[in-house]
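Structure, as structure tokens:
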């Protein structure tokens, strides 16, 4: 039996076994390189340091496995596999080939590998450990928010009782001082001068003790309460000296109150205590009506003093609740004063409150554009002045509303680029409403309709010049109201449809002509501006409405003008004849101009249909005699001319296009 080493199949099996072991070693090396990169990318330096000790055992175990010789593949005996011998060519002795033993593979050290959890075949491998610097990996664990503290927990914490007692004590002390001042007047205790001096002394002592306690952190809670109480006592003492005892004139009392309030609020700003500032303003605003015997113009003045003193502190410290606490009381007091004082005084107070409130809102908006308090005060401050218009004399109320409109619209025009958009939109809307209110109060009848339409036209032109949609919205609102007023008063439908049964005044007809003329111009300008600003799309409804309004306005101009010439049936029928002919002329103009513009061409064809419909439905029944004949002949000739001219233009364009 020949040795197994001479069999080529056995040699091939040995070579394949050797190649398999080399590929396995290469695979382990590639795994090592890939794992080193993953570990260097994902592991933190601190984690790598901690993992060094744990990987040592794994490395030793892997090295021991590598040094252990792998069992060789069993030899395939000749008896098991018979292969045909290759016969050497004749004349040449056979070559004896010695078997080449397989070279042993040197042991390769296996680097430490991270331990991976086993996973099922066909499933995705588990995600790598998260790393805070890469933004991927499993999301962080959700931590439930801490439970909200109840009122009992807040009251039971250290120091809560002292704060509550300090502020409650200050409020009770202040009420006691107010009651003492009132009771002293009713019962005649002491004299007026000792009462005023005693109140001033008490307020000064409270403020001094508060300043002394504020030197140490342990006494600052009491210092805030004492200082707030002392400043409020001083302010209310000035109110009493002005309104009850008349020791100070109204101007002097307001000036003294401004000094005291400004000093107290500046102290709150220095101590960085919004609670102190709000406490001072709230205490003075609540207790002042008791000393002024109700809501009076003087009370509004003292509340405006608080508002004026609080504005710089709010601008510097951004305390929105201070702005609300100081801004709302004068507005409420202004409303409650309505009907309790002279009209001119009420108008002055209302305007002053509006100006002070809007000025503070403008300053706040410039310093902090995102402060919603500024927008609320800007919109709310003019409201009391606009409410007083209903109880004032007609001309005085119109003057108040006009002044508010002038101020707000001027601010809107000047501050469009420097103030926030929402702020300017708010004051602009209130200004437009004030302008409408001034118009509605000052005028009536047809004149009111004409002025409202004129205001709408001015707003539309402003929207075009400023490229802003805000004035366009106001223009549309004014146009709607002005159209309704025109239909109700200036140019009613019965004026156009019925024969005149009573003579109209010259003033009424002149007002109708002017109103209808402004309405017609507005019906053209408003859609044009809206289209230029991209508001109107391709929907035909707005254009149809504008066309109907334009036709009505044109009919109103012609009919009112004809009735001015002759206020009888002759003027009526002549006017309608002119209206029919004018519609056909306008249709011819639109068709000629719209040869290259489809929208204008369609409008001309629609107007032709409207003129024919008027001829058949109205003129045929309403007109009589020569007026009916003139209407039909005139309209027919115009339509014939329009058809001939339009057909010639179309044919000429077609020939030019073909050539």
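The values are calculated or read from the model by the stated rules, or taken from the named source; none is laboratory data. Predicted, not measured: the structure shown is a model, and the values here were computed from it. Please note: Cβ atoms are built from the backbone with ideal geometry, for glycine as well, and neighbour counts cover all protein chains shown.
Results, tabulated for the structure shown:
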{"quantity": "Residue list for the range 235-259, filter: in a helix (DSSP H, G or I) and surrounded by fewer than 24 Cβ atoms within 10 Å (Cβ to Cβ)", "calculated": "243, 250, 251, 252, 253, 254, 255, 256, 258, 259"}
{"quantity": "Residue in the range 549-564 that is modelled with pLDDT of 75 or more, under 24 Å from residue 510 (Cβ atoms) and not in a helix (DSSP H, G or I) present", "calculated": "no"}
{"quantity": "Neighbours by Cβ (under 6 Å, 6+ apart or cross-chain): first from the range 307-334, farther than 15 Å from residue 364 by Cα; second outside any helix (DSSP H, G or I)", "calculated": "333/295"}
{"quantity": "The range 390-405: number of residues that are more than 15 Å from residue 426 (Cα to Cα) and buried (at least 24 other Cβ atoms within 10 Å of the Cβ)", "calculated": "2"}
{"quantity": "Which listed residue, of 472, 459, 485, is touching a residue at least 60 places away in the same chain (Cβ under 8 Å) and assigned to a helix (DSSP H, G or I)", "calculated": "472"}
{"quantity": "Test: residue in the range 355-372 that is buried (at least 20 other Cβ atoms within 10 Å of the Cβ) and at pLDDT below 85", "calculated": "yes"}
{"quantity": "Residue that is over 36 Å from the mean Cα position of the chain (by Cα) and at pLDDT 80 or above, where the choices are 570, 515", "calculated": "515"}
{"quantity": "Filter pass, residue 443 being free of Cβ contacts under 8 Å to residues at least 40 places away in the same chain and buried (at least 22 other Cβ atoms within 10 Å of the Cβ)", "calculated": "no"}
{"quantity": "Some residue of the range 498-510 being part of a helix (DSSP H, G or I), farther than 17 Å from residue 548 by Cβ and touching a helix residue (DSSP H, G or I) at 6+ places or on another chain (Cβ under 6 Å)", "calculated": "yes"}
{"quantity": "Every residue from the range 448-458 that is surrounded by fewer than 19 Cβ atoms within 10 Å (Cβ to Cβ) and under 26 Å from residue 347 (Cα atoms)", "calculated": "none"}
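Results for (1) part of a helix (DSSP H, G or I); (2) farther than 30 Å from residue 339 by Cβ, shown as yes or no for each residue.
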| residue | (1), (2) |
| --- | --- |
| 391 | no, no |
| 404 | yes, no |
| 407 | yes, no |
| 410 | yes, yes |
| 423 | yes, yes |
| 426 | yes, no |
| 438 | yes, no |
| 441 | yes, no |
| 452 | yes, no |
